[in-house]
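The values are calculated or read from the model by the stated rules, or taken from the named source; none is laboratory data. Everything numeric here is computed off the predicted structure, so don't read it as measured data. Every residue, glycine among them, receives a Cβ derived from its backbone with ideal geometry; neighbour counts consider all protein chains shown.
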Amino acid sequence: MSINILFFFTGILLLFSNLEVNAQQTARTDKLYTVSGIGTSIPIGESSDFLGPKISTTFGLNLGLGKGGLFLYPKVSLHAFTYNGIRPDHGYNYTAQNSRVTTYLLNMALGYRKMVGKFAFYGFAGGGGGFILTPRVKTNNTALEVEFSNQTNGMAMLEAGLGAELNLGGLSIFTEVSYMNGFNNIQDRKFSSMPLTIGIKPNLSKLIK
């Protein structure tokens, strides 16, 4: 299921990229955007067994390539999830419940943007990785103490998505949906999620000549 979703998004991106050959723009007005977004990330598949959605943020850049619609899309994803552990981690006797998971993920994607009047539509696909922090809890019955800590889980990631923008002059409002597929397990389950983001993209294209 997850691989099919990635193929779907990647196929759309390749379709958009083919339009680059016929692009006739002499000057791009979307050469450089900064990206700031807020939303949520919905765990899907096995991840939904122990994770739930919370507020998430995204920061990045859109850097235009050539004279058509291609752009480079580096971004940092700081997603938050609720956490209800399924089994104790190695060396621990208890699982954390009603707790929180945070991600620090860097992704580098290639995208294609199509301008239609004041609107723009785009697709992107790429990969990256980072860290996902999961909570752990240990008790000291003698001292009547509870110790909380975080486990750092390294995670390689593929991400593909679609988005739409409304141009308001020097600023665009955007909405974006993507699919993230991790290659490592957490709680013996595959990590995958669907980030939903809205935000702003200030247009800094005039700074690039």
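Only residues that are under 18 Å from the mean Cα position of the chain (by Cα) and either surrounded by fewer than 21 Cβ atoms within 10 Å (Cβ to Cβ) or hydroxyl-bearing (Ser, Thr, Tyr) (or both) were counted in segment 106-125, giving 6.
Kindly indicate whether any position in segment 99-107 is over 19 Å from Met194 (Cβ atoms), out of contact with any strand residue (DSSP E or B) (no Cβ under 6 Å at 6 or more places or on another chain) and hydroxyl-bearing (Ser, Thr, Tyr). The answer is no, given that none of the residues of segment 99-107 is over 19 Å from Met194 (Cβ atoms), out of contact with any strand residue (DSSP E or B) (no Cβ under 6 Å at 6 or more places or on another chain) and hydroxyl-bearing (Ser, Thr, Tyr). Checked against (1) modelled with pLDDT of 95 or more; (2) at positive phi, Leu144 passes all but a single condition, namely (1). Applying the condition of being among the aliphatic types (A, V, I, L, M) and either crowded, with 17+ Cβ neighbours inside 10 Å or more than 23 Å from Met180 (Cα to Cα) (or both) to segment 81-105 and asking which residue is modelled with the lowest pLDDT yields Ala96. Could you please let me know if Asn181 is out of contact with any Asp or Glu (no Cβ under 7 Å at 6 or more places or on another chain), in a strand (DSSP E or B) and more than 22 Å from Gly123 (Cβ to Cβ)? Criteria not met by Asn181. Per the listing Phe174, Phe191, the residue uniquely closer than 14 Å to Ala120 by Cα and hydrophobic (A, V, I, L, M, F, W, C) is Phe174. Residue pairs whose Cβ atoms lie under 6 Å apart, sitting 6 or more positions apart in sequence or on different chains, and linking a residue in segment 139-152 that is free of Cβ contacts under 8 Å to residues at least 40 places away in the same chain to a partner that is surrounded by 10 or more Cβ atoms within 10 Å (Cβ to Cβ) and polar (S, T, N, Q), are Val146/Thr139.
In this structure, Ser193 does not qualify as more than 18 Å from the chain's Cα centre (by Cα), assigned to a strand (DSSP E or B) and surrounded by 20 or more Cβ atoms within 10 Å (Cβ to Cβ). Here the strands (runs of 3 or more DSSP E) wholly within segment 26-143 that include at least 1 residues being within 23 Å of Lys190 (Cα to Cα) and touching a His at 6+ places or on another chain (Cβ under 6 Å) are 32-43, 55-64, 99-116. Scanning segment 141-189 for residues that are touching a helix residue (DSSP H, G or I) at 6+ places or on another chain (Cβ under 9 Å), surrounded by 15 or more Cβ atoms within 10 Å (Cβ to Cβ) and over 30 Å from Thr29 (Cα atoms) returns Asn181, Gly182, Ile186, Gln187, Arg189.
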